[in-house]
Amino acid sequence: MKTIARLAILATLAAGAAQAQDPPITIDSHVDIPFDYMGEPRFDVGQPTPLLVDLGKMERGGLNAAFFVVWVPQHQLDDAGYAKAVKQASQKYDGIGRMLMMYPDRIRLATTPEQLMANHHAGLLSATIEIENAYSLGHDIHRLDAAFDRGARSVGLVHVGNNDLCTSSQPDTEHGEPAMNSAADTGMSDFGRAVVKRANQLGMMVDVSHASDACVHDTLKVSTAPIIASHSGARAVLDHPRNLPDDLLRAIAAKGGVIQAVAYKEFLKHDPAREAAEEKLQQAVAKAAGDTKYDSDKHDYLPAMAAGMAKIQQQHPLPTLDDYLEQIRHMVQVAGIDHVGIASDFDGGGGITGWADASETRNLTAAMRRHGFSDADIAKLWGGNLLRVWGEVERDAVKH
Ligand SMILES: [Zn+2]
């Protein structure tokens, strides 16, 4: 073998190698992907990319596994809207599939907790597939089975705006949807109940992040298995509708589930000045690109956006690891150490000072230690709890 080739291999191995302080597994339960994932060269995650999560960043940072998200935005609840959502979801499955096909020596699909650990022990990263907004089932329960067949192991019921399963924590009040927790907030629909029951039978985790409080209550009632919140915060620490109130943190824990604390700026710190500055930048970058409307997929990874965001970060810095740890500590206090986990929401708006992309993952582990968490606690937070819940969801499915 040529020396240069051998050195390149050694460098790759060193970059991906575990370090002494690493927990047994690190799982980030919410990583978004653009629609043209693995399509455009800039979204080829086997190469260095502008994305916050690519294979090199995961390997270097010690992030062993990610739940990659099949997200679709909410459109109208009609045939045209459903058809569009089904198509958009399919595009994302294809992107994840292309990643797995192109880089089998670096990342593998994990459809069971055992497979995820086996991948890790073999020195490979893991990808688990997660649905965000089950509107993309196109109001057809059979598509949940199809999603399971494509590898999806978690189903997020709803996103921003009510859908045909559930009311949202952020309903579209501008277009007449009733406010969360108002008298007209209907919670879960019959279709939503059918999806939860079928997910239970399949052994798919049910994810209540983005759901209204009423929908979380209904999910807890309907589901025979523990449930997850794949990326949510604590409302008692920061009052935001996307954050869960203490009673729901407790209820999810009482049913054996897990709440994956999310490193998302707006759920950790109120900063209207930063939000306004970001909005202004988005409009300016869109306009400079010749577009009338800002489109995150198209504009977020342009050099002008990166430069503008760096400037905003100087003036209105993102929340820090300490802000994030404060929420985690509250959640642990309320729900218990066995019921909290970690999510970044990278490439979906997530990322904070200190954990700005997957390459900085070890900073978070160090911050947990600084905040007094033991190695055993850290192992639970970084994936032990999530894998336990996933295993219980599988065991529950066998009973149906
Ligand atoms: Zn989300």
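Only the coordinates and a few stated rules stand behind these numbers; no lab work does. None of the values given here were measured: they were computed from a predicted structure. Positions of Cβ are generated from backbone atoms using ideal geometry, with glycine treated the same way; all protein chains shown enter the neighbour counts.
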* To do: Take a quick pass over region 262-339 and tell me how many lysine pairs come in under 21 angstrom between Cα atoms, counting only ones 8 or more apart or on separate chains.
  => 10
* Dividing the Cα radius of gyration by the Kirkwood radius, what Rg/Rh value follows for region 246-400? -> 1.06
* Quick one: which residues, 5+ away or cross-chain, put their amide H under 5 Å from the amide H of Leu244? H built at 1.01 Å from N. => Gly233, Ala234, Arg235
* To do: At q = 0.07, 0.12 Å⁻¹, work out log10 I(q)/I(0) for the chain with the Debye formula, treating every Cα as an identical point scatterer and leaving solvent out; two decimals please.
  => -0.30, -0.93
* To do: Could you check what % of the DSSP bridge pairs in the chain are antiparallel, to the nearest 5?
  => 15
* **Cα gyration tensor shape of region 230-333, rounded if a/c is under 1.5, else prolate or oblate by comparing a/b with b/c** => prolate
* Not counting the cut sites, what is the longest span of the chain without trypsin sites (Lys or Arg not before Pro) that DSSP labels loop and that have at most 13 other Cβ atoms within 10 Å? -> 3-292
* Structure fact -> Per the Cα gyration tensor, region 271-317 corresponds to an equivalent ellipsoid with semi-axes, largest first in Å, of 18, 11, 8
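Taking the Cα centre of the chain as origin and charging only Cβ (+1 Lys, Arg; -1 Asp, Glu), how large is the dipole, in debye to the nearest 20? Please report the intermediate quantities before stating the final value.
Values: 38 positive and 52 negative charges, 214 e Å.
Value, rounded to 20: 1020 debye.
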* Asked: With charges set only on the Cβ (+1 for Lys and Arg, -1 for Asp and Glu), what does the dipole of region 28-106 come to about its Cα centre, in debye to the nearest 20?
  -> 80
* To do: Quick one, can you get me the convex hull of the C-alpha atoms of region 115-159 expressed as volume per residue in Å³?
  => 69
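Convex hull over the Cα atoms of region 350-400, averaged projected area in nm²?
Value for region 350-400: 4.8 nm².
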* To do: Quick one: compute a quarter of the convex hull surface over the Cα atoms of region 139-215 and quote it in nm².
  => 4.9
* Which cross-chain or sequence-distant (5 or more) residues have an amide H under 5 Å from the amide H of Val70, H modelled 1.01 Å from N in plane? -> Glu130, Ile131, Glu132
* Can you give the FRET efficiency for His75 and Asp22, using 1/(1 + (r/R0)^6), R0 = 45 Å, r = Cβ-Cβ distance, to the nearest 0.05? -> 0.60
* To do: Starting from the amide H of Arg108, placed 1.01 Å from N in the peptide plane, find each other amide H under 5 Å away whose residue is 5 or more places distant or on another chain.
  => Leu125, Ser126, Ala127
* Structure fact -> Quick note on Phe148, Phe267, ordering by fewest other C-beta atoms within 10 Å, gives Phe148, Phe267
* Asked: Which ³J(HN,Hα) values in Hz, rounded to whole numbers, follow from the phi angles of region 140-157 under the Karplus curve 6.51 cos²θ - 1.76 cosθ + 1.60, where θ = phi - 60° and Gly and Pro get x?
  -> 10, 4, 5, 5, 5, 5, 5, 5, 4, 5, 7, x, 5, 10, 8, 10, x, 5
